[in-house]
Structure formats: structure tokens, C-alpha cells
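Right, one structure below, let's go through it.
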Amino acid sequence: MTAEAAARVGVEVRMPNALRVLVAVVVGAATVAVVESLRQAVGRLPDHAWPLLVLLTLAVAAHLLPLRVRFATHQVLHLWDEITLVLGLGLIPLPWLVMVTWLGGLAALAASRNGVVKSLYNASSATLGTLVAGAVFYSLDGRYGAAAPQVIPLVAASIVFSLFDDVVVSAAVAGSRRLRLVAVLRDGFFVHHVMCLTNGAVALGFLFVAQAQPAALLSVPLILVALHWVQATGLRVSKERDAWQQLDKATRALNQLNRRSVVETAIISGCELFRSDAVEVLLEQDGAQRLVSGTISGVSPYASDNVRPRRVVTRPLEASDVRIGELRLCFAGAVRLSERESWALSTFSHGLTAALLNAQLYEEMQEHAALKAHEAEHDPLTGLANRTVLTERGEQMVADATKAHRVAALLLVDLDHFKQVNDTLGHEAGDQLLREVAHRLTGGVRTSDVVVRLGGDEFALLLPDLATVEDAATIAGNVLVALAEPMSIDGLELPIEASIGVACAPADAGTVRDLLRCADMAMYQAKGAPLSVRRYRRQDELVNVDRLTMVSELHAALDQDQLVLHFQPKIDLNSGRAVGAEALARWRRPNHGLVSASDFVPVLEQSSMVHGFALHVLDQALSAAATWGAGPQAPTVAVNLSARNLLDRNLPGDVATALDRHHFPPARLILEITETVMMSELDVVDDVLGALRQLGVQLSVDDFGTGFSSLTFLSRVHVDEVKIDRSFVSAMLVSPGDAAIVRAVLELGRNFGLRVVAEGVEVRDQQEHLSELGCESAQGFYLAPPMAAADVAQLFAPEPVPAATRTRRDGRIPSTLAR
């Protein structure tokens, strides 16, 4: 079996010089072989003429009934020459077999589309292969006309013939397209040689039959036609299966969160899937176009003019009539896609469109998140770092100073008489003064120092890596000097006076929080000092009794059942019905009244009680929710989990015990986790979340959009619900950026099949806007405030909902839920 060079390489009239030489050598050598074979055959006639006729028929049929397999712009034609070869070596002398092979190739010329040069090259390649294979056959003691087939010499001859012809044809392919010979040989190598072995085995069977009953050879053409049909069908089915599996793999590989990565993957996958020489992706956005091109080796310009496309197959990249670009398959020669390939290309282009849209959505969310992150860490008026940065950088500063046995300091700067400037000259003048103070502070410190605006007229300076505590006092004095020079505000020369408190680590405190507390006490002492600078002294500290006693009181609170739950309903914006509620902890603290969770949970989370507190809240929430009804439409109850809860591997077992104790369906329990918890990517967090999912409980992501890894952990951990942070909802009517984030999260929820709940709905306009955007559920004081367990239970009573509680025509949730 051989491969037709013409169909495979697409030889052109203007062929390269190296290919011209190759064709001339092969055709010339074959011509010499045929002439010599003819000379020898004249005096060496076979015993019977009919084997010649049968073999000539087979030689012609081998070229008329090929199995066609396309590789990019060329086709591999798997022929049946091995059958002719094996039968010929056993039935007729080698010179006659050489001429039969030559005549069979030329006889097929009339029915071939390949042209004279191509057909001559094919016939010459097969002729030379037959000559080489015959030499191998006779060198292994093969005998023409033997009583029994010479199996080993015939198998060896068949293998040599297949390898010789494959190399000769592949050399023509490489020469015509300027490719490496090894790369061309790799295309279809396995299929080609497996079918060669199959044909050789069939030919041996024919030869055995012919030895016993020569007339049986007359049936070989019919058997060949049947075998052709079987192999063609098997090859087609196998190739179809492999092609669809490869398409599935390629489309799944497109699911990435970066558009550049999506495009690069599309280029490589497109070249592999459709065997194109190059792939181009044209991206269109906001009227601008960007073309990215590459080959199977990666994204890069075309290596040479030889690869530059002459034929381009295109598919638009569009969704919902919105065009985002175009996919182009580039081929160096003419090519026609099959029906299956056209379907595959359409499927691939749709997958690429979806991947690009999702990646674009993710990048937009990242940009908004980065902007929010910058805003979260910087003061909008002065551009200085804020308290968040003070905490993060300060902790590192203290740790480094302790480890290196150096000194780190925190300076707290408070402007004196700033209120009078605001009251007299107005807030614009006050803002101008604050910006000038920020400029002077940043201009007078080292690059390693951090200047922070805490709010109002308070600033802080983090001073790492000082030699002594006296250095901090010296820098504080320099700050006072820098601020002392009057500044011009609205034409007035205003003096700036400030008080500075100084605290050092590790001498005064071991944490940035304690440093800030110490510097604050020193700053207030500095207001009465002559130099307006005061170093922290322990005797000046007033003990914060409330904070010290809160931990011990919380222990008693858990034992004495002082912790109670309120529930904030979750409202379906379409029907106005409450579909669930979120559990909110409250503390009936003796002599203090009802204390909100935000006032005591931070203290509690630093203690050993955090696990017991979480289980206590879960138990009370399940106990209350168990009375809200049953069935598929029964309301859900949501319970918040802290970061420390997710580090506890016993949590899933404790949740399962609580569910069993209250006979509560797991699907009605929603465990809310904050997005920042997932940024750690700790194995224990993944294990705990996976175990909770196996219980059947639902997972919800609270404050979604405020972190940096939203889509990363959504692709890592399966969740059921995301909650839009209240900061975006409250500002979406006035801030285009926040409105875009709300829309993006809703679209993301639809794409991922997640429920989306908006938090912090405080006014009617917010509710109406969310409804217009397609948001189904929301929480907020406008819809329903937090309420006691008994009150929220009435919302889920089995009685029909009164007409007064249904959504009004003006779009507002009824007053029975609103307030």
C-alpha cells in the first residue's frame, strides 16, 4: 500500500528546484528499472497468462479504489499495492511484476485527477518499491512458484515496500511544502502501516488459496472491493470518533479566565483540530480591531511566505447578534472542509465566542475589583494609604523589627484647630489644607516609610527599621518643622499646628493595633506639651475595662443563653414573598442591652469560643427554621461561617449532627462564606467545603465582588448562590462602576447557573432597578428588617398570603414585609 504523492503534496507546475530533482530521479530510476525488466521478461514468460491479467487488474484497482484521509491541505491515499506485490512475488517472475506495477499506475492515469507528473511520480514510486521489495524477497530465499507461500520473505518484502514508498512520497511532500521530513512521516503513520500489515496478511491468505486452487484468484477483485468497503467504513467511523473527542477536548480547553490565554489556546487547538497551517483570531471591541495570529507552535507572526495563507476559511464570533470578532483557518494550499469538519468548526467557534465573552466579563470584574481594592486602601481626598494599609503594613513592620532587633515606630499626627478652618473658610478650603499636609508629609519621609490618612484631620506615619527610639522622636520633630511653614489657602497665609504621638515597637507594643492605641494616648498628652510631641509612657495608659471583660462575659453568655437570633428575610422580587431568612446573632449583654454581632464577634473570633458560638447559632437557626414548613418550597435558612470555622475539619460532622437532631433537610440550609476566605486556597478549606457539599447543604458566597479571586474560586468550589455586596447595591444608582459590577454579577450568575441575591436594598429605586436587571432575590431594610424568630415565622405560615401582602403595582414590597 502506498500514498499518492500528487494528492498528498499538491505538487504545482512551479515546483521547487529540490522537488524537481527528486521527481526526475524517481521517474528516471523507475524508467530504467522498467526497461531492464522488459528486457529480462522477454525470454522469461510465466507458465500461465491469467495470473498476469489478474495482477494487472489488481494494480489498476489499487489506484482506482484508494482510502482517502485528509491532513490539512493534502490527502493521504491508502492503496492496495501490498496485495499486488505479495501475490505477484508468489505467482510471477519479478521482471513481470515490476512491469505490472508500472502499467497499473499508468492505466489509472485516465481516471486520476492528479495530472501527468503526479501520476508518473506515483507509478514510479510504486515501481521502485516493488523492485526493492523483490530484492529483499529473493535475498531471503524467497522462491517464485514455490509449492507453499514463503511467509517470512513475503512479510519482509511487504514491510520494506511500505516503508520505502512512504519515505519517497513523504520526501515529495516535504519538498513541495518546505516541511521537515519527520513531520510529514508522522501524519497518518500508524493508520498507514497498520493497514499495510492488514493488506499483506490478506494477500498471504489469497496466495495460500491460489496455491491450492488457482482459479480462486478470479474472485480476488470482488473480495478487494468488499475489503475496501470494510476498511473505508472502519476508517471513517474511527476518524469521526477521534475528531469529536478532539473537538470536545479543544472546546473544554478554551474555558479560561484570561482573553489572551483563550486566544492562544484557540490558535493551537484550531491548528491541531483542523490541521490548518495557521489560525487567526480577529477581535473587535468598541470599534477597534486586533488581529492575533499563530501556528501550532504558538502565537507568532508567520515564519515565512511559504506558510502565508492562500486559502482562508472563516467563521464569525458572535452571540445574540453581537459580533465580537472572527475565527480564520489559514491553509497554504486549496482545501475543502467536509460536512463533519464544517459542523466541528461551527461548534468550535461558538465555544470560542462563549469563552471570550466569559473572559471579558471576568477581566471587567477584575478591573472593577482592582479599582475597588485601590479605593479600599487609599483615601480618595489625599491619595494616601488608609487604615487598612496601616494594619497590614504595620503588622509586617513590627514583625520585622522584632526579628531584626531593630526599632519600628508609629507617629500619630493630629492637626490643631482644623475645625475652625472648616467652619470659617468652608470645606473646600479644609480639603485643600489636608491635601497640602499630605504632600508635605510624603515629601519629608523615606521611601520605606508609609504615610496614612486615618480620617478627618488625623494622619499616621509608619517608620520601619530605626536604630533607636530617639530616631522616631527626631523624625517627629522634623515633621513639625515641615508643617510649621504657613500655607496659602484662598489667598490667606494659614499656619499649621499639629500634635504628634509616638509609639515604638517592640518596646511599647507588639502589634500595630496596640501601637496605634499607645500613639493615640501619647498624641492626646502631646496636645498639652510644649513641643507638641509626646512619646508613649505606660503610666499614661487608661485600661479599657470593657474590652478586657468582654471575653469572660461571652463565656457566660453562651452558658446562660444570652445569645439570641434575629432573622432578616430574603424576598423574591417577582412575587414579594419571603423565600428564606438569614440568621443574625444578637447578645443580650447585662447592663448594656441588645448588642449587635459587629460589636462582639471580632472579640469572640480571637478566642477559643468561635467554634462553640458557630454551633450555637446553627442549632438555634435550625430549631427556628424547622417550624417554617416543609416540602420542596419550604423556606431556607442561612447561617454565616467565619474563616476559622472552615479551618476546622470537624465542622461537617457537627453540621450533620445538628441536621439530624432537628430532622432538617440539608438542602434548606445555606452556609454563607465570605469571598476572602477562599483566597487562601488551603487544602483544609477545600476539604471542609467538599464535605459540606456532600452533606447536601447549599453554599453561598457573601460580599461577592469585593475580593480578587471571585471567578478563580467559583471554578474551584461549586457553590449555589452569590450575594452582591451592599456597597455595590447602595451606590449603583449614582456610580456607573458599581452599576456595572451589579450587572456583571447577575450575568455571571446566569452563566454559572447560580442564584444571585442583592444585599442592602434600602430604597424603592434600588428594588425597582434590581428587578429591571432580572435580579430575583434581595435583602434590605426597605424590603424587611431583621426580626425576632416568632415574627419571621409568621411570614412562612401555611395560610394563603393575604392580598395586602402581595407586590403592589407601584413595584414596592408590601408594608407587612417592608417595615
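The values are calculated or read from the model by the stated rules, or taken from the named source; none is laboratory data. This structure is a prediction, so every number in the text was calculated from the model and none was measured. Backbone-built Cβ (ideal geometry, glycine too); neighbour counts: all protein chains shown. With ligands, DNA and RNA removed, areas are computed over all heavy atoms of the protein, side chains included. Shrake-Rupley method; radii C 1.70, N 1.55, O 1.52, S 1.80 Å.
Per-structure values
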| read-out | value |
| --- | --- |
| Complete set of residues in region 590-600 that are assigned to a loop (DSSP other than H, G, I, E, B) and crowded, with 16+ Cβ neighbours inside 10 Å | none |
| From Arg435, Arg393, Arg446, residue being open to solvent by 80 Å² or more (accessible area, probe 1.4 Å) and touching a residue at least 60 places away in the same chain (Cβ under 8 Å) | Arg393 |
| Subset of region 1-25 [modelled with pLDDT of 50 or more and open to solvent by less than 10 Å² (accessible area, probe 1.4 Å)] | Leu19 |
| Count of region 620-657 residues which are surrounded by fewer than 17 Cβ atoms within 10 Å (Cβ to Cβ) and part of a helix (DSSP H, G or I) | 5 |
| Residue pairs meeting the criteria (Cβ under 7 Å; at least 6 apart or on separate chains; first within 16 Å of Gly325 (Cβ to Cβ) and touching a residue at least 24 places away in the same chain (Cβ under 8 Å), in region 256-269; second in a helix (DSSP H, G or I) and not hydrophobic (A, V, I, L, M, F, W, C)) | Arg259/Gln360; Arg259/Glu363 |
| Of all residues in region 481-515 being over 17 Å from Ala401 (Cα atoms), open to solvent by 70 Å² or more (accessible area, probe 1.4 Å) and not in a loop (DSSP other than H, G, I, E, B), the one that is modelled with the highest pLDDT | Val481 |
| Test: residue in region 367-378 that is over 20 Å from Phe728 (Cβ atoms) and in contact (Cβ under 8 Å) with a residue 24 or more places away in the chain | no |
| Subset of region 396-419 that is without any contact (Cβ under 8 Å) to a residue 40 or more places away in the chain and closer than 15 Å to Glu458 by Cα - its residue that is least open to solvent (accessible area, probe 1.4 Å) | Phe418 |
| Some residue of region 417-439 being outside any strand (DSSP E or B), within 21 Å of Arg538 (Cα to Cα) and in contact with a helix residue (DSSP H, G or I) (Cβ under 8 Å, 6 or more places away or on another chain) | no |
| Options Glu470, Glu428; residue that is within 22 Å of Gln525 (Cβ to Cβ), open to solvent by 70 Å² or more (accessible area, probe 1.4 Å), without any contact (Cβ under 8 Å) to a residue 24 or more places away in the chain and of a type outside the set (Val, Ile, Thr) | Glu470 |
| Check on Ala334, among the aliphatic types (A, V, I, L, M), part of a loop (DSSP other than H, G, I, E, B) and either surrounded by fewer than 20 Cβ atoms within 10 Å (Cβ to Cβ) or modelled with pLDDT of 85 or more (or both) | yes |
| Count - residues of region 516-527 that are over 50 Å from the mean Cα position of the chain (by Cα) and assigned to a helix (DSSP H, G or I) | 6 |
| Residue match in region 462-480 (condition: of a type in the set (Asp, Glu) and assigned to a strand (DSSP E or B)) | yes |
| Pairs where the first residue, in region 272-286, is within 14 Å of Thr314 (Cβ to Cβ) and open to solvent by 50 Å² or more (accessible area, probe 1.4 Å) and the second is in a helix (DSSP H, G or I) and of a type outside the set (Gly, Ala, Ser), C-beta under 8 Å, 6+ apart | none |
| Whichever residue in region 601-619 is in a loop (DSSP other than H, G, I, E, B) and surrounded by fewer than 17 Cβ atoms within 10 Å (Cβ to Cβ) and, among such residues, is modelled with the lowest pLDDT | Gln606 |
| Residue in region 337-344 that is under 15 Å from the mean Cα position of the chain (by Cα) and part of a helix (DSSP H, G or I) present | no |
| Some residue of region 702-725 being exposed (fewer than 15 other Cβ atoms within 10 Å of the Cβ), farther than 22 Å from Ala370 by Cα, at pLDDT below 90 and not acidic (Asp, Glu) | yes |
| Residues satisfying the stated conditions in region 715-733, i.e. in a helix (DSSP H, G or I) and of a type outside the set (Gly, Ala, Ser) | Arg716, Arg726, Phe728, Val729 |
| Residue check for Asp660: more than 14 Å from Ala581 (Cα to Cα), free of Cβ contacts under 8 Å to residues at least 24 places away in the same chain and either among the acidic types (Asp, Glu) or open to solvent by less than 60 Å² (accessible area, probe 1.4 Å) (or both) | yes |
| Matching residues, region 775-787, being open to solvent by 40 Å² or more (accessible area, probe 1.4 Å) and over 11 Å from Pro569 (Cα atoms) | Glu776 |
| Restricting region 125-144 to residues that are open to solvent by 10 Å² or more (accessible area, probe 1.4 Å) and among the aromatic types (Phe, Trp, Tyr), the residue that is nearest to Leu22 (Cα to Cα) | Tyr138 |
